[in-house]
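Below: one structure, written as structure tokens.
The values are calculated or read from the model by the stated rules, or taken from the named source; none is laboratory data. Just so it is clear, the structure is predicted and the values come from calculations on it, not from any experiment. Cβ placement follows ideal geometry from the backbone for every residue including glycine, while neighbour counts extend to all protein chains displayed. For the accessible areas, the whole protein counts, side chains as well, though only heavy atoms, and no ligand, DNA or RNA atoms are used. Shrake-Rupley method; radii C 1.70, N 1.55, O 1.52, S 1.80 Å.
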Amino acid sequence: MPEQPVQAAYLRMPHVEKGMQIGLFGGSFNPPHAGHVLVADIALRRLALDQLWWMVTPGNPLKSTRELAPLSERLRRSQAITPDPRIKVTAFEAAHHVRYTADTLALVRARNPGVDFVWIMGADSLRDFHRWERWREIMLTFPVAVIDRPGATLSFLSSIVAKTFDYARVDEADAPLLARMKAPAWTFIHGPRSTLSSTAIRNGDSGK
């Protein structure tokens, strides 16, 4: 069955105004689930964001694409579980043929002067963050908010990234100010944690 075309609206960057605080939350979302929504909700609240861009990537260079659902399907599912109007589901990376996060962030910064962005990731992703292409460049482009995930707290604290950028860690109480800070700046945000994972769902395990 051929893949359905992606709607043009998803291939454009969401509209923003100067002075806004925007969260960037990227992933394969294969499939998107309540754990992702929880991270997005925590980020919106704790970081005092005006918008959160839910960026559905064409593919993750560190993951196999064999089990990757079509982009149009992942967009449809993402839209269905994110009723908050501040969450903007987008796949603009596909239109620009961007493969690596460092390139995505550079593109976002160039296209949106006067807007404050913060990169959002689950603590489970940070364990392998040092394997990402140009990971130091990512940390130096925008502030980063790491949202706690089950089983990831201790591994996060011992991660190469946390140790390398220990000097740039911001107190969690100052999270609402993070987007305005000059990178490198990052914080670790505690909160309710979901045990759901996309891998478990694909394998038929709801995580319960």
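Observations
- All positions within the stretch 61-106 that are of a type in the set (A, V, I, L, M), within 22 Å of ARG131 (Cβ to Cβ) and not in a loop (DSSP other than H, G, I, E, B): ALA102, LEU105, ALA106
- Test: residue in the stretch 108-121 that is in contact with a His (Cβ under 9 Å, 6 or more places away or on another chain) and farther than 16 Å from LEU178 by Cβ: no
- Condition check for PRO14: of a type outside the set (A, V, I, L, M), outside any helix (DSSP H, G or I) and at pLDDT below 95: no
- Residue in the stretch 115-135 that is part of a loop (DSSP other than H, G, I, E, B), surrounded by 15 or more Cβ atoms within 10 Å (Cβ to Cβ), in contact with a helix residue (DSSP H, G or I) (Cβ under 8 Å, 6 or more places away or on another chain) and of a type outside the set (Phe, Trp, Tyr) present: yes
- Selection within the stretch 8-37 - among the hydrophobic types (A, V, I, L, M, F, W, C), open to solvent by less than 50 Å² (accessible area, probe 1.4 Å) and closer than 21 Å to ASP148 by Cβ: LEU24, PHE25, PHE29, VAL37
- The stretch 96-114: number of residues that are out of contact with any Ser or Thr (no Cβ under 8 Å at 6 or more places or on another chain), among the small types (Gly, Ala, Ser) and within 17 Å of PRO143 (Cβ to Cβ): 1
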